[in-house]
Amino acid sequence: MLSEKMQAALNAQIKMEAESSQIYLAMASWAEIKGFEGISTFMFKQSDEERQHMLKLLKYINQRGGQAVVSALEEPRLDYSSFRTLFRQLYEHEVRVSEAINELVDIALTGKDYATHNFLQWYVSEQIEEEATAKVILDKIDLIGDDKGGLYMFDNDMKNFTANA
Ligand code: OFO
């Protein structure tokens with residue numbers, strides 16, 4: 001059985017993962033409109049993945065005799081003024097998600113909830129991967145700057161990034 005505190009924290013994470021999915025979706029749509037096919041494909045896929053992260057939490061809470069909450073979400077507020085700004089926001093968002101996961105791990109350990117601690121390890125690994133991916137993308141963008149040819153190649157790169165992921 002989940003403690004009240006653990007359940008509330010996991011439910012807050014459901015909201016955060018759902019909002020992550022919305023953020024990636026907003027970025028995907030923007031990139032699609034701009035004609036960046038590779039970037040938008042990558043973002044649509046990331047959006048789907050975040051939805052899976054959300055569902056995994058929801059099912060876990062219910063499986064442990066708790067009650068998952070599906071709540072209203074914040075509208076993604078993104079600054080689309082440049083690619084760099086956009087991807088920096090993405091990276092910073094993933095860092096915040098990692099902090100939230102660490103907080104959950106802490107609550108699980110303090111409450112001696114080893115089952116939830118074990119469950120959360122998947123998220124810990126996932127965040128290492130996602131932060132690294134966001135950082136690689138950001139570094140590439142930094143190299144390109146606003147060079148149009150570079151952006152075209154970057155978009156092509158992202159297609160392969162999607163295929164290999
Ligand atoms: Fe990238 O946020 Fe989920 O875990």
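Table for the structure above
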read-out	value
Selection from region 1-34 of residues that are within 21 Å of Gln67 (Cβ to Cβ), of a type in the set (S, T, N, Q) and either surrounded by 21 or more Cβ atoms within 10 Å (Cβ to Cβ) or within 11 Å of the ligand (Cβ to nearest atom) (or both)	Gln13
Test: residue in region 145-159 that is closer than 30 Å to Met1 by Cα, of a type outside the set (A, V, I, L, M, F, W, C) and assigned to a loop (DSSP other than H, G, I, E, B)	no
Residue satisfying all of: in region 68-95; of a type in the set (A, V, I, L, M, F, W, C) and part of a loop (DSSP other than H, G, I, E, B); farthest from the ligand (Cβ to nearest atom) among these	Ala72
Enumeration of residues in region 96-116 that are within 12 Å of the ligand (Cβ to nearest atom) and either aromatic (Phe, Trp, Tyr) or surrounded by 15 or more Cβ atoms within 10 Å (Cβ to Cβ) (or both)	Val97, Ser98, Ala100, Ile101, Leu104
Members of region 40-67 found to be more than 10 Å from the ligand (Cβ to nearest atom) and either in contact with an Asp or Glu (Cβ under 8 Å, 6 or more places away or on another chain) or under 15 Å from Ile23 (Cβ atoms) (or both), listed by number	Ser40, Phe42, Met43, Phe44, Lys45, Ser47, Asp48
Which numbered condition Trp122 misses (of (1) touching a residue at least 40 places away in the same chain (Cβ under 8 Å); (2) surrounded by 15 or more Cβ atoms within 10 Å (Cβ to Cβ); (3) within 13 Å of the ligand (Cβ to nearest atom))	(2)
So Glu37, is it acidic (Asp, Glu), over 13 Å from Leu10 (Cα atoms) and loosely packed, with under 12 Cβ neighbours inside 10 Å	no
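Here is a yes/no grid of residues against (1) polar (S, T, N, Q); (2) closer than 18 Å to Tyr123 by Cβ; (3) without any contact (Cβ under 8 Å) to a residue 40 or more places away in the chain:
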{"residue": "Glu19", "(1), (2), (3)": "no, yes, no"}
{"residue": "Thr41", "(1), (2), (3)": "yes, no, no"}
{"residue": "Leu58", "(1), (2), (3)": "no, yes, no"}
{"residue": "Gly66", "(1), (2), (3)": "no, yes, no"}
{"residue": "Val70", "(1), (2), (3)": "no, no, no"}
{"residue": "Arg77", "(1), (2), (3)": "no, no, yes"}
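FYI, it's all coordinate maths here, none of it is from the lab. If you're wondering where the values come from, they're calculated on a predicted model, not measured in any experiment. Cβ atoms come from the backbone with ideal geometry, glycine included; neighbour counts cover every protein chain shown.
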